[in-house]
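K.L.:
Quick one: structure below, then a few questions.
Nothing in this text is a laboratory measurement; each read-out follows from the coordinates by a stated rule. A quick note: this is a predicted structure, and the numbers were derived from the prediction, not measured. Virtual Cβ from ideal backbone geometry, glycine too; neighbours counted across all protein chains shown.
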């Protein structure tokens, strides 16, 4: 069993202690052995098909990893990306502090099981150029996150996010132009809270 746990720990190492039973099978560990380890208390079954090592250190990124793995527990997805408000939070360009973690998956994804209350799924196409990694978590690009929050939160939040991103030099010129094309040149003006 030690060799099996080592294999699972390798899977979990990059995801804050989480792994899917599906990924374990792909790594050569049968699902039945994962279930046995959970019954013995070596693993915690977080959700159907999603497991975590019990004594793995907790970090602020833990729930982001859980959020992007949850929709992948039973299916191969092209992507599951932290998005919207949550992406801005992970990019450290907001003070929105969402009560849920937003994750975007491909539009034709079908999920029949009940999602956790802290997870909000969005179904949309995300071009490969808009997929990124932030602190080891798959995430939408900063321009895509800003575009996604526009319809939800309005011009003031968009303006604030663009201002902060520009101040910290997080946007390239082509990305700025993309946001100007989407929201207008007002987003380039310095932001002043009313």
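K.L.:
At a threshold of 8 angstrom on Cα-Cα distance, excluding pairs fewer than six apart, so keeping six or more, what relative contact order does region 67-188 reach in percent?
P.N.:
22
K.L.:
Given the options 74, 91, 39, state which has the largest fluctuation in a GNM of the chain using a 10 Å cut-off (strictly under) for Cα springs.
P.N.:
Result for the chain, Cα springs under 10 Å: 39 fluctuates most.
K.L.:
Could you pull the Cα extents of the chain along its three principal axes, largest to smallest, in whole Å?
P.N.:
60, 33, 28
K.L.:
Next up: Pick out which of 156, 181, 148 has the largest mean-square fluctuation in a Gaussian network model of the chain, springs linking Cα atoms closer than 10 Å.
P.N.:
With Cα springs under 10 Å in the chain, the top fluctuation among 156, 181, 148 is at 181.
K.L.:
Here is a further query. Mind jotting down the distance between the C-alpha centroids of region 46-68 and region 132-194, whole Å?
P.N.:
Their Cα centres are 29 Å away from one another.
K.L.:
Cα atoms only, region 2-53: Rg and Dmax in Å?
P.N.:
Looking at region 2-53, its Cα Rg and Dmax stand at 9.3, 24 Å.
K.L.:
With a 10 Å cut-off between alpha carbons and a GNM built on the chain, which of 18, 123, 53 moves the most?
P.N.:
Of 18, 123, 53, the most mobile in the Gaussian network model is 123.
K.L.:
Ranking 121, 8 by Cβ neighbours within 10 Å, fewest first, what do you get?
P.N.:
Listed from fewest to most nearby Cβ atoms, that is 121, 8.
K.L.:
Related question: Divide by every residue of the chain the summed helix terms, -39500 (n - 2.57) for each DSSP H run of at least 4, and state the resulting mean residue ellipticity at 222 nm, rounded to the nearest 500 deg cm²/dmol.
P.N.:
Calculated at 222 nm, the ellipticity per residue is -11500 deg cm²/dmol.
K.L.:
Okay, moving on. So between residue 112 and residue 170, what do we pick up on full extension, going 0.36 nm a residue minus the alpha carbon distance?
P.N.:
17.1 nm
K.L.:
Once a ≥ b ≥ c are taken as the square roots of the eigenvalues of the Cα gyration tensor of region 22-115, is the result rounded (a/c under 1.5), prolate (a/b larger than b/c) or oblate (a/b not larger than b/c)?
P.N.:
Oblate is the answer for region 22-115, as a/c is 1.5 or above yet b/c matches or exceeds a/b.
K.L.:
Rounded, prolate or oblate: which one fits region 136-194, using the alpha carbon gyration tensor with axes a ≥ b ≥ c (rounded when a/c is under 1.5, else prolate when a/b beats b/c, else oblate)?
P.N.:
Here region 136-194 falls in the rounded category.
K.L.:
Now a separate question. Tell me the label-point distance for the pair residue 156, residue 78, using the 7 Å Cα-to-Cβ offset, in nm and rounded to one decimal.
P.N.:
3.7
K.L.:
On to the next question. When a footprinting reagent is the concern and you count Cβ atoms within 10 Å, what order do 139, 4, 146 take, fewest first?
P.N.:
4, 139, 146
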